[in-house]
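The values are calculated or read from the model by the stated rules, or taken from the named source; none is laboratory data. No experiment lies behind these values; they were computed from the predicted model shown. Cβ placement follows ideal geometry from the backbone for every residue including glycine, while neighbour counts extend to all protein chains displayed.
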Amino acid sequence: MVQEIWHLDGRRTRSISPENPTGEPGAGGRAIAGTGAFAAAGLGRGWKVSPSIDLEPGQTITLADIAGPGVIRHFWLTTDRSLLQHFTLQMYWDGAPEPAVAVPLGDFFCNGWNQLALVNSQMVVVAPAGGLNSYWPMPFGTHALITLHNGAERAAPVYYQITYTEEDVPESSGLLHACWRCSDPLGSPAVHPLVEVTGGPGRYVGTYLAIEPRAPGWWGEGELKFYLDDDTEFPTICGTGTEDYFGGAWNFDLGGMQVPYSTPYLGLVQVEPRERIYEPQQRFGMYRWHIPDPICFEHSLSATIQALGWHEDGHYLPLEHAHVATTAFWYQSHPSSAPLP
């Protein structure tokens with residue numbers, strides 16, 4: 001986006017929050033009731049009267065309902081950190097009846113376990129102490145609808161802001177999709193499906209992986225495989241190991257510890273607990289964004305990841321009891337439905 005920041009091209013910026021639920025010009029800060037009304041009682045209208053909403057158990061709320069064309073540029077949200085896996089984020093594009101994005105809130109922001117992990121990447125930033133930021137560009141032609149569902153047993157406050165530009169969207173634009181898959185336990189064969197996409201053209205742009213190996217020793221020998229278009233038994237893209245795909249090497253191990261890192265395009269942000277190594281119940285979370293290296297397909301894509309450890313005799317050990325959850329991100333020429341979590 002840096003290369004276009006100087007270009008004065010007629011775009012109009014709008015932003016939706018509890019202080020301006022519609023994003024209309026001049027409509028911010030007008031609330032006379034809201035979650036901040038008591039605190040603002042001595043100050044009156046315009047003084048943070050409605051900074052958040054309360055999301056009740058079982059309730060689904062609309063965060064944004066936007067007429068197009070336009071592009072969502074930044075999405076910020078924070079809530080009760082212990083409920084990130086109980087909330088479901090859904091996004092619908094251009095009037096489609098089913099969501100193109102359907103992901104647990106935590107996994108969308110690279111936080112698949114209950115311990116908050118800070119993320120410092122190009123597309124997702126998680127800041128202290130639970131500020132969730134998405135910079136995935138989200139173009140839409142006629143309509144964008146974003147909802148949030150509370151599957152927990154208690155209410156929680158939700159603070160959010162969705163900033164977008166009103167602008168023309170080229171016909172060649174892809175629509176953001178995200179799909180969450182969980183295998184628990186993984187079973188046999190120890191292969192987890194990341195995504196299957198039909199229709200195109202499209203570009204696969206990111207993976208978030210949360211894994212609990214449930215076996216001692218190193219757990220990341222498994223390859224990620226991307227089957228493009230007419231691939232059948234064998235893929236076009238095949239990596240050399242899990243830590244290799246996420247930009248690491250040699251088990252992420254330095255000095256007898258697996259070391260977290262977070263960079264613009266890839267990172268290992270969750271190692272729980274950090275003071276241990278090669279124990280069955282450890283939990284890990286890592287991401288890779290294919291921004292400079294998108295995986296392009298014409299009409300179909302499928303991707304898988306193997307879960308492999310080691311036998312003591314030096315043979316690979318399929319990790320059939322592992323917990324594996326992934327979130328796959330891609331752009332596609334038309335809205336397609338993502339399976340619900």
Asn111 vs. criteria within 17 Å of the chain's Cα centre (by Cα) and closer than 25 Å to Pro57 by Cα
yes
Would you confirm whether or not the range 153-164 contains a residue that is touching a helix residue (DSSP H, G or I) at 6+ places or on another chain (Cβ under 9 Å) and at pLDDT 95 or above?
yes
Is there a residue being within 17 Å of the chain's Cα centre (by Cα), more than 30 Å from Gly220 (Cα to Cα) and either at pLDDT below 95 or buried (at least 17 other Cβ atoms within 10 Å of the Cβ) (or both) anywhere in the range 114-135?
no
Name the residue, out of Gly23, Gly34, Gly58, that is outside the structural domain of Pro292 (by TED's automatic domain parsing), exposed (fewer than 13 other Cβ atoms within 10 Å of the Cβ) and of a type outside the set (Lys, Arg).
Gly58
Residue match in the range 86-93 (condition: among the hydrophobic types (A, V, I, L, M, F, W, C), within 17 Å of Phe329 (Cα to Cα) and not in a strand (DSSP E or B))
no
If you take the residues in the range 293-303 that are over 18 Å from the mean Cα position of the chain (by Cα) and not charged (D, E, K, R), which one is surrounded by the most Cβ atoms within 10 Å (Cβ to Cβ)?
Leu301
Where residues in the range 1-34 are without any contact (Cβ under 8 Å) to a residue 40 or more places away in the chain and not in a loop (DSSP other than H, G, I, E, B), which of them is nearest to the chain's Cα centre (by Cα)?
Val2
Could you count how many residues in the range 166-209 are over 21 Å from the mean Cα position of the chain (by Cα) and polar (S, T, N, Q)?
2
Somewhere in the range 315-331, is a residue over 15 Å from Leu224 (Cα atoms), polar (S, T, N, Q) and touching a residue at least 24 places away in the same chain (Cβ under 8 Å)?
no
By my count, strands (runs of 3 or more DSSP E) wholly in the range 94-157 with at least 2 residues that are more than 21 Å from Val169 (Cα to Cα) are 101-104, 124-127, 131-134, 143-150
Qualifying residues in the range 194-235 (those that are surrounded by 17 or more Cβ atoms within 10 Å (Cβ to Cβ) and β-branched (Val, Ile, Thr)) - the one farthest from Tyr331 (Cα to Cα)
Ile211
